[in-house]
Amino acid sequence: MPQQVKKSIIISIYFALAVSALLVFLQVRNFDFITYDDHVYVYENPFVLNGLSAGSLHWALTTGCFGNWIPVTWFSYMLDRQLFGPTACGFHMTNLLFHIANTLLLFFVLKQMTSDVWPSVFVAAAFALHPMHVQAVAWVAARKDVLSTFFCMLTLLAYGVYVRRQSVLSYKAAIAAFALGLMSKPMLVTLPFVLLLLDYWPLNRIKNFDRQTIYSLVSEKIPFFALSVISGVITLLVQVDSNEANTAEIFYSNNRIVDILLSYTQYIGKMFWPSNLAIFYTSDAVSMPILQAAICALLLLGISLFVIYLGRNQKYLPVGWFWFLGTLIPVIGIFHSSRLQIYADRYTYIPYIGLFIIIAWGIPHLLSKWATAGSLRRKIALGLPMTAVLLTLGICAHREASYWNNSFTLFSHATKVTKNNWLAYNNIGFAYGKAGRFQNAIEAYKQAISIKPDYVKAYNNLGITYGKMWHYQEAIETYKQAIKIKPDFVEAHYNLGTAYLTIGDRNSAMAEYSILKSLNPKLADKLAR
């Protein structure tokens, strides 16, 4: 094939990948912010709303709120605010542009490393169109996922150039991109292990597993491992300092092993059949945890042994499989501060690349004995099913993205596809409250409380709604119930004191503010002023 024709095909592929992602996700430009996390990350965050001011930049570099140190992500939000104003459109479009950039970079990296165009196309297209990736793109608060992946792709790109040319500049660029990625989301801490996997395939730097080669390649990754350790320590300290967790909770909780094994198998299942997707999945107890965990463990162990056994000849198998297993480790539940959410669609944004690699290179290998490479029969057998799969993924992703239009559509959908989703009902109530539909909000909050009677935030929100309806006695009783469940609930103490003050009970109000002062002196001083 003439070189000019090859270049035209490659350019057409880039164009097709970008257009396919746009067709699925361009609808996000008309979407609103949602009531879950978007408010604390963007539209009620005073530092983000101030744009790129000196105070905001200092805050981004020093804050550890929400249990992570992610200054680059904060910078991106502030830049959006500076460029596009406070409306949701600019923030959504930035997420989409990062997703498209990640798709194109993924194709480029795989094509450069493997020299196999069409398997690389499939991986990039599946990455762009898979419904499990909708959450990372359509949710403004998930910016850290698309942003950290962007720097991950730049790291792989620079590393590939370094391996081919032994360029010191490219090596330094890879380290810099990795550092920026960790400052976007610390989930990238396992990326040094991914680089070692790529050394095995497709870079083929590991041939006989001799000690000298392994030592040399591991030594080469020392700066990357050092950055991962630093990021991990910072994340641990930030989580403890911000009361996101205590040290013992970070490393242990009941049923954690069961959660991890079930999550891995659920992610595999959702990759093949991405149905009933929701922004939040409740941690329902399983009926026979030991039996189900044992089955999941046997499945994962069996697959691992299988890919290792075949790995000497089909190197993409262990690389893809351990890419999937390894990159999920930071979010699979081992280090989570609670069991609130150990499973989320957006966690698959990078890990699924490994499974896509297995499919993209594995299916042509299986068909190689049935038809010779380049034959028309083989091209049809590969091309038509893969095209049908990608088209189906795109249609499903477009529909899934439409649920993210606003909080009502998103959380109403979540209540339909999940069971006992107390968080969804709480957020529906919050959305109703913002719309002035207070009675609907009350019903939604009560539904959340009926599902999870110890959910103090729903009690607090219910009390606020009663207050807006001038039902102060009901509000006071609701705040008391929240405090009974969680005595150190600062916001409920403040709201209870305010409610007492509103009805003229100054002594009770002062008593609540006194408790508030012992719990949060800074807030109490602010109120006193």
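Observations on the model:
- Sole exception among (1) over 18 Å from Thr35 (Cα atoms); (2) among the aromatic types (Phe, Trp, Tyr); (3) surrounded by fewer than 19 Cβ atoms within 10 Å (Cβ to Cβ) for Phe438, by number: (1)
- Qualifying residue in segment 187-206 (condition: more than 30 Å from Phe107 (Cβ to Cβ) and at pLDDT below 95): no
- Residues that are small (Gly, Ala, Ser) and more than 28 Å from Asn405 (Cα to Cα), drawn from segment 86-139: Ser115, Ser120
- Within segment 163-220, considering residues that are touching a residue at least 60 places away in the same chain (Cβ under 8 Å) and of a type in the set (Ser, Thr, Tyr), the one farthest from Gln112 (Cα to Cα): Ser184
- Options Thr478, Thr502, Thr465; residue that is closer than 23 Å to Leu423 by Cβ, hydroxyl-bearing (Ser, Thr, Tyr) and over 33 Å from the mean Cα position of the chain (by Cα): Thr478
- Filter pass, Thr418 being among the polar types (S, T, N, Q) and surrounded by 14 or more Cβ atoms within 10 Å (Cβ to Cβ): yes
- Some residue of segment 428-441 being within 23 Å of Tyr281 (Cβ to Cβ), touching a residue at least 60 places away in the same chain (Cβ under 8 Å) and not assigned by TED's automatic domain parsing to the domain that holds Val28: yes
- If only residues of segment 216-231 that are among the small types (Gly, Ala, Ser) and surrounded by 17 or more Cβ atoms within 10 Å (Cβ to Cβ) are counted, the one that is nearest to Thr155 (Cα to Cα) is Ser228.
- Segment 303-317, residues that are surrounded by 13 or more Cβ atoms within 10 Å (Cβ to Cβ) and assigned to a helix (DSSP H, G or I): Ile303, Ser304, Phe306, Val307, Ile308, Leu310, Tyr316, Leu317
- Test: residue in segment 456-465 that is polar (S, T, N, Q), assigned to a helix (DSSP H, G or I) and more than 21 Å from Gly497 (Cβ to Cβ): no
- Filter result for the condition that a residue is at pLDDT below 95 and on the phi < 0 side of the Ramachandran plot, over Gly90, Gly64: Gly64
- Only helices (runs of 4 or more DSSP H) whose full extent lies in segment 167-224 are considered here, and the ones with at least 2 residues that are within 28 Å of the chain's Cα centre (by Cα) are 168-182, 191-200.
- Considering residues of segment 89-104 that are more than 19 Å from the chain's Cα centre (by Cα) and in contact (Cβ under 8 Å) with a residue 24 or more places away in the chain only, the residue farthest from Leu52 (Cα to Cα): Leu104
- Qualifying residue in segment 230-241 (condition: out of contact with any Ser or Thr (no Cβ under 6 Å at 6 or more places or on another chain) and modelled with pLDDT of 95 or more): yes
Residues are listed down the side, and each one gets a yes or a no for (1) at pLDDT 95 or above; (2) among the basic types (Lys, Arg); (3) in the same structural domain as Ser304 (by TED's automatic domain parsing):
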| residue | (1), (2), (3) |
| --- | --- |
| Ser368 | no, no, yes |
| Gly374 | no, no, yes |
| Arg378 | no, yes, yes |
| Pro385 | no, no, yes |
| Leu390 | yes, no, yes |
| Ile395 | yes, no, yes |
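- Residues of segment 17-39 that turn out to be over 20 Å from the mean Cα position of the chain (by Cα) and without any contact (Cβ under 8 Å) to a residue 40 or more places away in the chain, as a count: 1
- Top-ranked residue in segment 258-270 [being among the β-branched types (Val, Ile, Thr) and more than 11 Å from Ile332 (Cβ to Cβ); ranked as modelled with the lowest pLDDT]: Val258
Conditions tested, residue by residue: (1) modelled with pLDDT under 95; (2) farther than 20 Å from Leu180 by Cβ; (3) outside the structural domain of Phe280 (by TED's automatic domain parsing); (4) not small (Gly, Ala, Ser).
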site	(1), (2), (3), (4)
Asp80	no, no, no, yes
Thr94	no, no, no, yes
Leu97	no, no, no, yes
Leu110	no, yes, no, yes
Ser120	no, yes, no, no
Ala138	no, yes, no, no
Ala142	no, no, no, no
Leu156	no, no, no, yes
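The values are calculated or read from the model by the stated rules, or taken from the named source; none is laboratory data. Bear in mind that the values here come from a model prediction, so they are computed numbers and not experimental data. Here the Cβ is made from the backbone with ideal geometry for all residues, glycine too, and neighbour counts use every protein chain on show.
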